[in-house]
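Here the structure is laid out as structure tokens; the discussion comes afterwards.
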Amino acid sequence: MTPRLGKILKERNMTQVKLSEMTGIPQGNLSRFDQLVSHKDTHTVLISRALGISIEDLFEVELVQTEENHQS
């Protein structure tokens with residue numbers, strides 16, 4: 001899963017500062033969102049609600065075919 005907050009903000013012509021105001025999440029945390037491996041549940045929910053998108057839409061999911069899945 002790859003976070004795509006930066007892409008979404010760019011598409012909407014929105015700044016991290018504006019999103020910070022909308023969510024109450026510090027701008028520095030938003031700045032690091034796309035670089036983190038794990039995310040606070042509350043931040044993920046607040047961001048998705050503020051942007052009017054699903055939590056799933058905040059991430060790009062790439063399914064990887066594993067040997068184990070291939071044999072099933």
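The value of relative contact order for the chain, using C-alpha pairs under 8 Å at least six residues apart, is 43 percent.
What is the helix-to-structure angle for 41-51, meaning the angle in degrees between its Cα long axis and the longest Cα principal axis of the chain, kept from 0 to 90 and rounded to the nearest 10? That helix lies at roughly 70 degrees to the long axis.
Go ahead and estimate [θ] at 222 nm for the chain from helices alone: -39,500 (n - 2.57) per DSSP H run with n ≥ 4, summed, over the residue count, rounded to 500.
Working: 5 runs with 37 residues, N = 72.
Roughly -13000 deg cm²/dmol at 222 nm, from the helical runs in the chain.
In this view, the solvent-accessible surface of V17, computed with a 1.4 Å probe and all protein chains in place, comes to about 80 Å². For the chain, the Kirkwood radius over C-alpha pairs fed into Stokes-Einstein at 37 °C and 0.692 mPa s yields D = 249 µm² per second. Rounded to 0.05, the FRET efficiency of the K18 and E60 pair, given R0 = 25 Å and the Cβ-Cβ distance, is 0.65.
The values are calculated or read from the model by the stated rules, or taken from the named source; none is laboratory data. Just so you know, these numbers come straight off a predicted model, no measurement behind them. In this analysis, Cβ positions are derived from the backbone assuming ideal geometry, glycine residues included, and neighbour counts consider all displayed protein chains. Surface areas here come from the heavy atoms of the whole protein model, side chains and all, with no ligands, DNA or RNA. Shrake-Rupley method; radii C 1.70, N 1.55, O 1.52, S 1.80 Å.
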